[in-house]
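> Below you'll find the structure I mean.
The values are calculated or read from the model by the stated rules, or taken from the named source; none is laboratory data. Only a predicted model underlies this, so the values are computations on that prediction, with no experimental measurement involved. In this analysis, Cβ positions are derived from the backbone assuming ideal geometry, glycine residues included, and neighbour counts consider all displayed protein chains. We work out accessible area using only protein heavy atoms, side chains counted, and drop any ligands, DNA or RNA first. Shrake-Rupley method; radii C 1.70, N 1.55, O 1.52, S 1.80 Å.
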Amino acid sequence: MRLARILASLSFLAVLAAISSGAHAQTAEKKGFALSNNKPIQIESDNLELREQEKRALFNGNVKVVQGEMTLTSDHMTVHYKGQGNSLAAGGGDIDRIEVDGNVQVVSGTQSARGDKGDFDMRSEVLKLSGKQVVLVDKGNVLTGCELTVQMKTGLANMGNCGARVKILIDTQSNKSN
């Protein structure tokens with residue numbers, strides 16, 4: 001199913017509102033929606049503030065995270081981590097949760113997703129992306145709603161409606177090349 005491929009192809013971090021219930025939510029499931037745990041992560045930003053006592057790292061301004069094929073950009077990113085005496089800057093600390101805010105975009109190959117806010121729970125491997133309009137794009141195919149939840153372990157993805165209908169535009173021309 002093309003919708004399943006679109007949703008399952010968008011993986012990350014990255015990446016980003018609880019699974020919405022309701023008749024208008026779109027859900028798809030496919031294996032292969034996984035993190036690139038074996039690849040290094042490169043993070044860039046205009047400013048980094050380490051709050052070791054709070055176990056938080058705040059990246060502000062033009063944040064860019066790259067891991068494998070995936071790229072995440074946002075205005076702000078907060079990394080919450082655990083660990084006794086381990087400094088995130090020294091490569092220590094156990095990342096618990098990542099929050100991104102402002103112009104959030106995740107890109108992998110021909111697919112992209114964008115929204116206003118994102119949250120990634122590293123323990124449960126659940127990625128949530130929310131905003132006034134969350135947009136997923138794969139070539140000419142476009143899916144819109146207001147909250148996207150992806151369970152990275154299973155590949156289950158859900159686009160919530162938040163009171164407005166979920167919409168999908170399928171470009172039949174983009175399907176011909178596959």
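> Got a number for residues in the stretch 115-148 being touching a Gly at 6+ places or on another chain (Cβ under 8 Å) and at pLDDT 90 or above?
Qualifying residue count for the region: 14.
> Name the one entry in Ala25, Ala14, Ala4, Ala90 that is modelled with pLDDT under 90 and within 16 Å of the chain's Cα centre (by Cα).
Ala14
> Follow-up. With respect to Arg97, is the statement that it is in a loop (DSSP other than H, G, I, E, B), open to solvent by 60 Å² or more (accessible area, probe 1.4 Å) and of a type outside the set (A, V, I, L, M) true?
For Arg97, the condition - in a loop (DSSP other than H, G, I, E, B), open to solvent by 60 Å² or more (accessible area, probe 1.4 Å) and of a type outside the set (A, V, I, L, M) - is not met.
> Residues of the stretch 121-165 being open to solvent by less than 10 Å² (accessible area, probe 1.4 Å) and in a loop (DSSP other than H, G, I, E, B), which ones?
The answer is Met152, Gly155.
> Could you please find all residues in the stretch 100-113 being at pLDDT 90 or above and either surrounded by fewer than 21 Cβ atoms within 10 Å (Cβ to Cβ) or in contact with a helix residue (DSSP H, G or I) (Cβ under 8 Å, 6 or more places away or on another chain) (or both)?
Residues satisfying the conditions are Asp101, Gly102, Asn103, Gln105.
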